[in-house]
Amino acid sequence: MVFIKDQWRAVARGAHPEIETYERLRKHNVACVATCLGGGDVIEKDGTIQRTLTHELFPSNATFDNSERYHTRLILKEI
């Protein structure tokens with residue numbers, strides 16, 4: 001049994017996929033961090049990353065985070 005985390009991650013300058021954070025923490029032997037077994041962006045049948053389109057409907061000067069988002073999943077060993 002595993003935990004699958006499903007999310008829409010922001011695609012913006014300086015934003016990193018969460019799986020990279022888990023890999024970095026594991027590389028540095030940080031304690032008390034869930035074991036990431038895998039994951040990544042959800043790929044459509046045509047090979048493109050599944051993404052939001054709603055960011056295209058808002059003005060570029062919106063006062064909230066209206067960045068494009070990619071559908072991504074993580075598989076964690078601990079529940």
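The values are calculated or read from the model by the stated rules, or taken from the named source; none is laboratory data. Fair warning: this is a prediction, and the values are worked out from it, not measured in the lab. In this analysis, Cβ positions are derived from the backbone assuming ideal geometry, glycine residues included, and neighbour counts consider all displayed protein chains. For accessibility, only protein heavy atoms count, side chains too; no ligands or nucleic acids. Shrake-Rupley method; radii C 1.70, N 1.55, O 1.52, S 1.80 Å.
How compact is the chain by the rule of thumb for globular proteins, expressed as Cα Rg over 2.2 N^0.38 Å? Could the numbers behind the result be given before it?
On the way: Rg = 15.0 Å, N = 79, 2.2 N^0.38 = 11.6 Å.
After normalising by residue count via 2.2 N^0.38 Å, the value is 1.29.
Please report the carbon-and-sulfur percent of the accessible area for the chain; probe 1.4 Å, protein heavy atoms only, DNA, RNA and ligands left out. Numbers along the way, then the final one.
Working: 3370 of 6220 Å².
Accessible surface attributable to carbon and sulfur in the chain totals 54 percent.
What size of dipole, in debye to the nearest 20, comes out for the chain about its Cα centre when the only charges are +1 on Lys and Arg C-beta atoms and -1 on Asp and Glu C-beta atoms?
Numbers: 11 positive and 11 negative charges, 58 e Å.
Taking the Cα centre of the chain as origin, the dipole is about 280 debye.
Between residue 27 and residue 51, take the C-beta separation as r, use R0 = 25 Å, and let me know the FRET efficiency to the nearest 0.05. Please list the in-between numbers first.
Working: r = 28 Å, r/R0 = 1.13.
So, using R0 = 25 Å, E works out to roughly 0.30.
At 1.4 Å probe radius, can you tell me the per residue accessible area of the chain in Å²? Could the numbers behind the result be given before it?
Values: 6220 Å² over 79 residues.
Here the residues of the chain average 79 Å² of exposed surface.
Treating the angle as unsigned and between 0 and 90°, give the value, to the nearest 10°, between the Cα long axis of helix 18-27 and the longest Cα principal axis of the chain.
So the inclination is approximately 30 degrees.
Once you have a ≥ b ≥ c as the square roots of the Cα gyration tensor eigenvalues for the range 32-76, tell me rounded if a/c is under 1.5, and otherwise prolate or oblate according to whether a/b is larger than b/c. Don't skip to the end; give the middle numbers.
Details: a/c = 6.01, a/b = 1.60, b/c = 3.76.
Taking the square roots of the gyration eigenvalues as a ≥ b ≥ c, the range 32-76 is oblate.
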